[in-house]
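Here, each number is a calculation from the coordinates, and none is a lab measurement. Everything numeric here is computed off the predicted structure, so don't read it as measured data. As a convention, Cβ positions derive from the backbone with ideal geometry for all residues, glycine included, and neighbour counts pool all protein chains shown.
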Amino acid sequence: MPKKKEARGWLDTLLGPEPKEPLIREEPEPTTLQPALRQIGIIDCPICGREVAVFLTKTNRPFVNCSYCSARIFYNGRESMRLLKKKMTTVETD
Ligand SMILES: [Zn+2]
């Protein structure tokens, strides 16, 4: 038995009942991730050894978020920041 093809003309679409189609809702962008952190340098990841970017958090703390091994390192102390500055390659962003 041949299937009846349901042809919906533009007029039917306008006048007829709404087709039961799922509405495509635009998901809002996730805002949990840091929007635009300033990159201040490049350093070798202490865990996997790959080159990763050093970012500055909103509270002006340098941190590394390694995209290879997912390690996250925050430099919260003066000494760690001093060592980081010595080790990392500074990049100019502006
Ligand atoms: Zn790593």
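Charge dipole of the range 35-89 (Cα centre as origin; +1 on each Lys and Arg Cβ, -1 on each Asp and Glu Cβ, all else neutral): 240 debye, rounded to the nearest 20. For R38, the amide hydrogen comes within under 5 Å of the amide hydrogens of L56, counting only partners 5 or more places away or on other chains and with H modelled in the peptide plane. Taking the inverse of the mean 1/r over every pair of distinct Cα atoms in the range 35-89 gives a Kirkwood hydrodynamic radius of 11.1 Å.
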